[in-house]
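A short worksheet on the structure shown next.
The values are calculated or read from the model by the stated rules, or taken from the named source; none is laboratory data. Computed from a predicted model, the values in this text were never measured in an experiment. Positions of Cβ are generated from backbone atoms using ideal geometry, with glycine treated the same way; all protein chains shown enter the neighbour counts. Each accessible area value is taken on the protein alone, full model and side chains, heavy atoms only, with ligands, DNA and RNA left out. Shrake-Rupley method; radii C 1.70, N 1.55, O 1.52, S 1.80 Å.
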Amino acid sequence: MRKSLFTLLIVALLISACGGGAPLQSTPQSTVAQTPASSQDIAATDQARTMASLRKLDDFPLYEMHYFGDYGFAGFLQEGMETDAQTGSRPEGLLAEWACTCFAALNEEGDLIYGRNFDWYVHPALLLFTHPPDAYASVSMVDISYLGFDQGEPSPTDPRGLLDAPYFPFDGMNEYGLAVGIMAVPYADGGGDPDKVTIGSLHAVRLLLDYARDVDEAISLLQDYNIDFEGGPPVHYLISDSSGNAAVVEFISGELSAIRNSEPWQVATNFMLSGMAPEERFSLCRRYRRAYETLEAAKGNISPEQAMTLLDEVSQSGDFPTIWSIAYNLTSGDIRVVVGREYDRVHQFELEMTH
């Protein structure tokens, strides 16, 4: 049954790609990020190759897909998204339940590791490899519920919503070893400068994966845009690179604040670090304290296996459980993914690195 469903999906795509009707679009269920109709901008052959690469890896479910061709992001960056004048965001409710964790282990004596738990509602996940012609190759994790998909398998009537997946990365790593992830925080104001293009909080992740080789380039790129948080929770970003640098980037009163690592590790969860002394942070979040103390004891040198163990220790159950845990190896390009907190079932992949 599963095989026949995926066969129908590919057949439906190929019929449409050969002129059997207008491209089908799924409707996003959230305005976390807005996206142009990228499925109309790439060649039909690339669409077919992209959808033919889709495979189910885990019944959670977890999917893998390789995106071939141009998804139009460079063009999108010229215009950006329509938005209200106010780009700050302060959500009501739920804040106490947000529970994402990101850390970077950056001791040069070992491989550099970026670990990340994404904790939210139970949603289907996609591991997406992108190979844009004029930007950097990368791998990212996408919550495809925002593309209109539920826990069931993608329907053959709406497969092309997945072609918008490059615009919805929640974390990722590119071929130069630049990694980034988002975590919800109480407040963020990404500015409203009329001389800057405005992009969404997830577009910012794609911006860095496509065009930043290191933390300095990432910060410089982010300063060129207004970041709109109105469509979803306000977030901050943990960015790290293969040279051992990391920074937590937050947006306060329209200005970017970067808290750089002073040790060969960096940790961020769901509270603002700007203006806060390090000793104050431990009392605010158990997950932050556990991750920081583990990395401090190891002097920022942990293996991918130890990174996944730490992600297990700071994972969440309950109404907002850990959807996925991922460890990006910024040195080798190794990627390890666990979904649904099944830490005895690790999916392993590799991104070919350039550095």
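Values for this structure:
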{"item": "Unmet requirement for PHE282, which otherwise passes all of (1) in contact with a Pro (Cβ under 9 Å, 6 or more places away or on another chain); (2) among the aromatic types (Phe, Trp, Tyr); (3) modelled with pLDDT under 95", "result": "(1)"}
{"item": "Test: residue in the stretch 141-154 that is closer than 27 Å to ALA298 by Cβ, at pLDDT 95 or above and either under 19 Å from the mean Cα position of the chain (by Cα) or polar (S, T, N, Q) (or both)", "result": "yes"}
{"item": "Selection count, the stretch 178-188, where residues are open to solvent by 40 Å² or more (accessible area, probe 1.4 Å) and within 23 Å of GLU79 (Cα to Cα)", "result": "0"}
{"item": "Residue that is at pLDDT below 95, surrounded by 16 or more Cβ atoms within 10 Å (Cβ to Cβ) and more than 20 Å from SER138 (Cα to Cα), where the choices are GLY191, GLY231", "result": "GLY231"}
{"item": "Top-ranked residue in the stretch 74-108 [being in a strand (DSSP E or B) and at pLDDT 65 or above; ranked as farthest from GLY300 (Cα to Cα)]", "result": "THR101"}
{"item": "Scope the stretch 184-217; condition over 25 Å from TYR71 (Cβ atoms) and either in contact (Cβ under 8 Å) with a residue 40 or more places away in the chain or among the acidic types (Asp, Glu) (or both); matching residues", "result": "ALA184, VAL185, PRO186, TYR187, ALA188, ASP189, GLY191, GLY192, ASP193, ASP195, ASP216"}
{"item": "Residues located in the stretch 39-58, provided they are open to solvent by 10 Å² or more (accessible area, probe 1.4 Å), closer than 18 Å to ASP210 by Cβ and not in a loop (DSSP other than H, G, I, E, B)", "result": "ASP46"}
{"item": "Filter result for ALA327 (open to solvent by less than 50 Å² (accessible area, probe 1.4 Å), within 20 Å of the chain's Cα centre (by Cα) and either under 25 Å from ASP210 (Cα atoms) or at pLDDT below 95 (or both))", "result": "yes"}
{"item": "Verdict on TYR292 being out of contact with any Asp or Glu (no Cβ under 7 Å at 6 or more places or on another chain), open to solvent by less than 30 Å² (accessible area, probe 1.4 Å) and aromatic (Phe, Trp, Tyr)", "result": "no"}
{"item": "Qualifying positions in the stretch 333-348 - open to solvent by less than 50 Å² (accessible area, probe 1.4 Å) and part of a loop (DSSP other than H, G, I, E, B)", "result": "GLY333, GLY340, TYR343"}
{"item": "Every pair of residues 6+ apart whose Cβ atoms lie under 7 Å, when the first sits in the stretch 59-70 and is part of a strand (DSSP E or B) while the second is among the basic types (Lys, Arg) and open to solvent by 20 Å² or more (accessible area, probe 1.4 Å)", "result": "TYR63/ARG55; TYR63/LYS56; GLU64/ARG55; PHE68/ARG49"}
